[in-house]
Amino acid sequence: MNFTFPYTIDNGHGEKLTFVDLVKEPDGDKLIVEGVCAPNSGPPMHVHFKQEEGFTVTKGKIAYQMLNGEEKVLDEGQSVLFKRGEAHRFWNAGEGEAVLKGYVKPANTLVFFLSSMYDAQKRGSNGRPENFDAAYLVTRYKSEYNMLGLPAFVKKVIIPITYQVGKLSGKYKKFKDAPAPIK
């Protein structure tokens with residue numbers, strides 16, 4: 001799939017992300033991003049197995065937490081780097097809009113994955129992604145990303161069943177041009 005930059009996605013629940021540019025570098029493409037979070041919004045605990053992610057707060061206050069770690073707060077001008085394989089989450093810890101500028105490297109499938117996940121969130125309920133699309137994305141890209149907040153039963157039973165039902169019922173035809181996952 002080809003995306004033209006800048007490219008903005010919105011999950012309908014307080015998170016907006018703009019993929020500003022894709023910078024070619026010898027050791028992998030760097031995806032330049034800008035994010036906007038409403039108060040208390042931000043991604044749940046997750047991990048990028050193949051990418052590092054870093055950002056600087058340009059407006060507001062962002063809290064973050066590593067898996068089993070203490071919550072830390074970043075003010076304007078402060079930065080954080082999440083290395084490959086480091087589970088993390090972050091959220092707007094202020095009362096107004098928070099803005100971040102950063103990057104993800106290498107870009108791999110992130111634009112497709114997040115675009116599809118944000119779209120599924122818009123169509124889901126209570127901020128949760130629509131079940132069939134979420135099952136597809138979590139299953140297909142499990143070598144790259146993991147959502148750690150999902151209960152084990154959901155990961156091991158519900159998602160595989162939902163994925164198979166979606167596959168058998170033809171719900172994934174819209175993903176025919178989806179990029180191959182990075183192994």
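Between Asn2 and Val157, what is the FRET efficiency for a Förster distance of 30 Å, r being their Cβ-Cβ separation, to the nearest 0.05? The pair Asn2/Val157 has a calculated efficiency of 0.25. Pairs of Cα atoms nearer than 8 Å and 6+ residues apart set the relative contact order; for the range 35-75 it is 29 percent.
When the chain is treated as a GNM, springs tying every alpha-carbon pair under 10 Å, which of Ala38, Ala152, Ala63 comes out with the largest mean-square fluctuation? Per the Cα network of the chain with a 10 Å cutoff, Ala152 tops the list.
Result for the chain in a Gaussian network model with C-alpha springs under 10 Å: among Tyr172, Tyr118, Tyr163, the largest mean-square fluctuation is at Tyr172. Would you mind computing, in nm to one decimal, how far apart the modelled labels at Thr58 and Lys122 are, each placed 7 Å from Cα along Cα→Cβ? Those two pseudo-labels are separated by 2.3 nm. For the chain, the Kirkwood hydrodynamic radius from C-alpha pairs, put into Stokes-Einstein at 10 °C and a viscosity of 1.306 mPa s, yields a diffusion coefficient of 94 µm² per second. Here the relative contact order of the chain, from alpha carbon pairs under 8 Å that lie six or more residues apart, stands at 23 percent.
Each Lys and Arg Cβ is given +1 and each Asp and Glu Cβ -1; about its Cα centre, the range 110-175 then shows a dipole of about 160 debye. Please find, in a Gaussian network model of the chain (springs between Cα atoms separated by less than 10 Å), the residue of Ile32, Ile161, Ile62 whose mean-square fluctuation is greatest. So, out of Ile32, Ile161, Ile62, the one fluctuating most is Ile161.
The charge dipole of the chain, taken about its Cα centre with unit charges on the Cβ of Lys, Arg, Asp and Glu (plus for the first two, minus for the last two), comes to roughly 920 debye. Put simply, the C-alpha atoms of the range 110-175 give a gyration tensor, and the ellipsoid matching it has half-axes of 15, 15, 13 Å, longest first. Qualifying GluC sites (Glu not before Pro) in the range 22-70, where qualification requires a DSSP coil assignment and no more than 14 other C-beta atoms within 10 Å, comprise Glu70.
Across the range 22-106, the convex hull enclosing all Cα atoms gives 80 Å³ per residue.
Taken together, the values in this text are just the output of simple stated rules run on the coordinates, not laboratory data. Being a predicted model, the structure only gives us computed values, none of them experimental. Neighbour counts are summed over all protein chains in view; Cβ atoms, including those assigned to glycine, are modelled from backbone coordinates with ideal geometry.
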